[in-house]
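Just so it is clear, none of the values below were taken in a lab; they were calculated from the coordinates. These figures come from a predicted structure and were not determined experimentally. Cβ atoms come from the backbone with ideal geometry, glycine included; neighbour counts cover every protein chain shown.
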Ligand SMILES: Nc1ncnc2c1ncn2[C@@H]1O[C@H](COP(=O)(O)OP(=O)(O)O)[C@@H](O)[C@H]1O
Ligand SMILES: [Mg+2]
């Protein structure tokens, strides 16, 4: 096994034609890794992704080869997957207004070129889920992109398929999560192309790092929403006075514990399974 890449959260190894994606307990905010890990986070995200790959298998092929055929030291936090040629865009679907989408809407009335009705507020449900891609860069911050940008990068037919698949995965994810009282406000997907040319769902899927999860019972447009995701860490980081440049400050123990509890709650509520990590 050969180490090929350190992501913000994952270590990636090559094993023959396969990749091993090993999720650490690192947490990143504004694309910067914080110095304090969140215990069990890597396992929670890995197991949630594996569960979703199963739920979505009829919509789109995925990169998963095995969640168990991994070295013992990485058990639970690693997946063996097919190595893909990654699409250089992050495929984001939004069903509600939050985060950078909210900012863009407030400034322009549109997100990624999709014009939205007037009068929406923070947390509003959109009339329909929208595809709001960004570029995917390995250093620095991803930049907003329009559907036309994606089409210019990968061709119109692939761009159309990416948009359709992203919205379909979002719809399925949102409706499954809604059964258990969770709103999926938005989610980020990554796709790759397999050696035989097939568009394939990769990376992590519908996790607390790649999505905004809100308790449906507490949803109230017009204010920030309670979240089962890393928004809690973002809020703490923003309130700490940190200027978003490295190095990031250590996370206090009570914020670590509350964040871990949110990751566990997201896993348990969405899958309906108890966390036995
Ligand atoms: N099947 C795959 N083939 C190749 N690369 C992949 C595959 N699945 C995920 N990746 C890439 O592996 C990396 C995952 O590590 P992560 O820590 O999440 O990185 P990042 O800091 O880029 O988010 C991402 O760059 C992602 O695009
Ligand atoms: Mg990532």
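Couple of notes before you dig in:
- Order of 230, 269, 8, 43 under a 10 Å beta carbon neighbour criterion, fewest first: 8, 269, 43, 230
- Across region 135-153, the residues whose backbone nitrogen lies under 13 Å from the label position 7 Å along the beta-carbon direction of residue 108 are 135, 143-150.
- Note on region 208-277: Cα convex hull, mean projected area over all directions, 6.1 nm².
- With both labels modelled 7 Å from their Cα along Cα-to-Cβ, the residue 152 to residue 179 distance reads 4.2 nm.
- In this rough spin-label picture, where each label sits 7 Å from Cα along the Cβ direction, the residue 86-residue 118 distance is 4.1 nm.
- As a calculated quantity, the FRET efficiency between residue 168 and residue 244 at R0 = 51 Å, using C-beta atoms, amounts to about 0.90.
- Both radii are taken from the alpha-carbon atoms of region 94-246; with Rh as the Kirkwood radius, Rg/Rh is 0.96.
- Ranking of 171, 118 by count of other Cβ atoms within 10 Å, fewest first: 118, 171
- In region 149-198, the alpha-carbon atoms span a convex hull of 83 Å³ per residue.
- Computed per residue of the chain from DSSP H runs no shorter than four, each worth -39500 (n - 2.57), the mean residue ellipticity at 222 nm is -10000 deg cm²/dmol.
- Expected-Rg normalisation [2.2 N^0.38 Å, Cα atoms] applied to the chain: 0.97
- When each of the peptides 204-211, 150-157, 79-86 is scored by the mean number of other C-beta atoms lying within 10 Å of its residues, the order from highest to lowest reads 204-211, 79-86, 150-157.
- Two-site label geometry, residue 253 and residue 17: point separation in nm, points 7 Å out along Cα→Cβ: 5.0 nm
- With 0.36 nm allotted per residue and the present C-alpha distance subtracted, the residue 218-residue 139 stretch has 24.8 nm of extension available.
- Long-range tail of P(r) for region 189-239 (Cα pairs > 12 Å, %): 72 percent
- Exposure proxy for 268, 198, 90: other Cβ atoms within 10 Å of each Cβ, ordered fewest to most, give 198, 268, 90.
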